[in-house]
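Engineer: Quick one: this structure, given as structure tokens, is what I'll be asking you about.
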Amino acid sequence: MRLPIRAAALPAAFSLLLLATGARAQGLPRATGAPERVTGTDDGPYSHPRFSPDGSRLAFTSEGFAGLWVHDLDSGRSRRVTDAASAGFGFAWSPDGSALLARTVRQADGRRTQSVRLYDATTAAETEVVAPRSTFAALPVFVPGGTEVALPTDQTVASFRTPLPPTAAKAGRPDRFLVLDDARLMLADATTGAMRRLDVFEGQALINLAASPDGRAAAFEVVGGNVHIVSLDDLEATPVDVGPGNRPQWSPDGSWLVLMRTEDDGERFTASDLWAVRADGSAEVRLTDTADRLEMNPSWSPDGTRIAYDDLVDGVIYLLPVAR
């Protein structure tokens, strides 16, 4: 396995030191074993795995983002919690790990509507959070604390109550948070509902926003460009460019991102591997290097020891053991 470092972002002497001593000595992420297969192929192919906040379960979707499954890592059992269309696109765990938030789509009588629903991860009980509408400009997100859902729309962010119990916000977590509204980066205020557009990459579409574990930063993709990170502590600063990639997800300590880097022939993916990139853009490590597999859509476990991903070749969810 190759472990290349982005030497151009580092002083020459430090780059040589990293290359000489390797990932273990420098605490760089590295794969420590063979991937472990999590799912079979029934009802698959499966994709977009996401760890629950306590790391005991994985949620994932199937082809075309149809439905949601929850897999218990201790028992090895999976359960489908919904078969709703598009539920797997941009779904999220509740902060307490008891439920899944999803935007669903329904087609009836020639009319297409979307709604926001909450699914109990154990019982599959369903709660409508936002009534059906013709369209949403953005995906719903949990506000800090986890008892309400925010839906950005028309320069404001509307909050909707859920039946979830109050969850203590992490120390230092800001009342402001970043959202994407119509592929633009916006700063939302959880208290007032006000939302302000940030002049970041004006005229370009932004996708796949991922908030850092402490909520003080967020990573996102520029369509046709690289992955960048913006800090809530300095919104005027130029976003950090961490290089090419897709679907960024944070390490539990917020110091690294895991993402996928793909190649295609214009019709299908021809290559895809997982990489870890340091959040300050100073280093990167290749975690997989396979010619016959297509590792995609990674998620870092809360304890930092595993990365879940799906393989587009066989439609199976895998766990890659990692260490630093």
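The values are calculated or read from the model by the stated rules, or taken from the named source; none is laboratory data. Predicted model only: the values in this text are computed from it and were never measured. Note that each Cβ is placed from the backbone with ideal geometry, even for glycine, and that neighbours are counted across all protein chains shown.
Engineer: Restricting the search to region 69-81, which residues are in contact with a Lys or Arg (Cβ under 7 Å, 6 or more places away or on another chain), aliphatic (A, V, I, L, M) and surrounded by 21 or more Cβ atoms within 10 Å (Cβ to Cβ)?
Structural biologist: Restricting attention to region 69-81, the residues satisfying the condition of being in contact with a Lys or Arg (Cβ under 7 Å, 6 or more places away or on another chain) are 69-73.
Now drop any that are not aliphatic (A, V, I, L, M), which leaves 70, 73.
The answer is Val70, and nothing else.
Engineer: For region 22-60, enumerate the residues that are touching a Phe, Trp or Tyr at 6+ places or on another chain (Cβ under 7 Å) and under 19 Å from Leu118 (Cβ atoms). Spell out the reasoning first.
Structural biologist: Here is the first cut: in region 22-60, the residues touching a Phe, Trp or Tyr at 6+ places or on another chain (Cβ under 7 Å) are 29, 35-39, 46-50, 52-53, 58-60.
If the condition is that a residue be touching a Phe, Trp or Tyr at 6+ places or on another chain (Cβ under 7 Å) and under 19 Å from Leu118 (Cβ atoms), then His48, Arg50, Ser52, Pro53, Leu58, Ala59, Phe60 are the ones that fit.
Engineer: List the number of the failed condition for Ala59; all other conditions in (1) assigned to a strand (DSSP E or B); (2) more than 21 Å from the chain's Cα centre (by Cα); (3) closer than 26 Å to Val258 by Cβ hold.
Structural biologist: (2)
Engineer: Quickly run through region 20-37 and pick out the residues that are β-branched (Val, Ile, Thr) and at pLDDT 95 or above. Please lay out each step first, then the result.
Structural biologist: Our first condition is that a residue be β-branched (Val, Ile, Thr); within region 20-37, this holds for 21, 32.
Within region 20-37, Thr32 is the sole residue that qualifies.
Engineer: Let me ask you something else. Please find, within region 154-181, the residue that is surrounded by the most Cβ atoms within 10 Å (Cβ to Cβ) out of those that are at pLDDT 85 or above and not in a strand (DSSP E or B).
Structural biologist: In this case the residue turns out to be Leu164.
Engineer: Can you list residue pairs whose Cβ atoms sit under 9 Å apart, with the first residue in region 290-302 being touching a residue at least 60 places away in the same chain (Cβ under 8 Å) and of a type in the set (Phe, Trp, Tyr) and the second being surrounded by fewer than 21 Cβ atoms within 10 Å (Cβ to Cβ) and part of a loop (DSSP other than H, G, I, E, B)? Count only pairs 6 or more apart in sequence or on different chains.
Structural biologist: Taking only residues 6 or more apart or on different chains, the pairs are Trp300/Pro252.
Engineer: Please work out which residue is surrounded by the most Cβ atoms within 10 Å (Cβ to Cβ), limiting yourself to region 247-270 and to residues that are charged (D, E, K, R) and within 12 Å of Val227 (Cβ to Cβ). Show your work before the answer.
Structural biologist: Step one: filter region 247-270 for residues charged (D, E, K, R), giving 247, 253, 261, 263-265, 267-268.
Next cut, within 12 Å of Val227 (Cβ to Cβ) only: 247, 261.
Working: Arg247: 22, Arg261: 19.
Looking at residues that are charged (D, E, K, R) and within 12 Å of Val227 (Cβ to Cβ), I get Arg247.
Engineer: Quick one: is Gly33 surrounded by fewer than 21 Cβ atoms within 10 Å (Cβ to Cβ), touching a strand residue (DSSP E or B) at 6+ places or on another chain (Cβ under 6 Å) and within 19 Å of Arg306 (Cα to Cα)?
Structural biologist: Yes.
Engineer: If you don't mind, another one. In region 36-68, which residue that is of a type in the set (Asp, Glu) and touching a Ser or Thr at 6+ places or on another chain (Cβ under 8 Å) is surrounded by the fewest Cβ atoms within 10 Å (Cβ to Cβ)? So that I can check it myself, show each step before the final result.
Structural biologist: Kept after step one, since they are of a type in the set (Asp, Glu), are these residues of region 36-68: 36, 42-43, 54, 63.
From the residues that got through so far, the ones that are touching a Ser or Thr at 6+ places or on another chain (Cβ under 8 Å) too are 43, 63.
Numbers: Asp43: 16, Glu63: 13.
This residue is Glu63.
Engineer: If we keep just the residues of region 121-146 that are surrounded by fewer than 19 Cβ atoms within 10 Å (Cβ to Cβ) and β-branched (Val, Ile, Thr), which is modelled with the lowest pLDDT? Write out each step before concluding.
Structural biologist: Our first condition is that a residue be surrounded by fewer than 19 Cβ atoms within 10 Å (Cβ to Cβ); within region 121-146, this holds for 122-128, 130-137, 145.
Checking the rest, the ones that are also β-branched (Val, Ile, Thr) come to 122-123, 127, 130, 135.
Numbers: Thr122: 96, Thr123: 96, Thr127: 95, Val130: 93, Thr135: 83.
The residue in question is Thr135.
Engineer: Continuing with the same structure: Can you report the number of residues in region 106-145 which are among the basic types (Lys, Arg), more than 21 Å from Thr156 (Cα to Cα) and touching a residue at least 24 places away in the same chain (Cβ under 8 Å)? It would help to see each step written out before you state the result.
Structural biologist: Step one: filter region 106-145 for residues among the basic types (Lys, Arg), giving 106, 111-112, 117, 133.
From what is left, the residues that are more than 21 Å from Thr156 (Cα to Cα) are 106, 111-112.
After this cut, where a residue has to be touching a residue at least 24 places away in the same chain (Cβ under 8 Å) as well, the list is 106.
Summing the residues that are among the basic types (Lys, Arg), more than 21 Å from Thr156 (Cα to Cα) and touching a residue at least 24 places away in the same chain (Cβ under 8 Å) in region 106-145 gives 1.
Engineer: Looking only at region 193-206, decide whether some residue is under 28 Å from Gly88 (Cβ atoms), outside any loop (DSSP other than H, G, I, E, B) and touching a Leu at 6+ places or on another chain (Cβ under 6 Å).
Structural biologist: Within region 193-206 (the criterion being under 28 Å from Gly88 (Cβ atoms), outside any loop (DSSP other than H, G, I, E, B) and touching a Leu at 6+ places or on another chain (Cβ under 6 Å)), the answer is yes, since at least one residue qualifies.
Engineer: Also, quick follow-up: Tally up the residues in region 115-139 that are aliphatic (A, V, I, L, M), assigned to a strand (DSSP E or B) and within 20 Å of Ser52 (Cα to Cα), please. Talk me through it step by step, then tell me what you get.
Structural biologist: Step one: filter region 115-139 for residues aliphatic (A, V, I, L, M), giving 116, 118, 121, 124-125, 129-131, 137-139.
Pick out the ones that are also assigned to a strand (DSSP E or B) and you get 116, 118, 129-131.
Within this subset, residues satisfying the condition of being within 20 Å of Ser52 (Cα to Cα) are 116, 118.
Matching residues across region 115-139 total 2.
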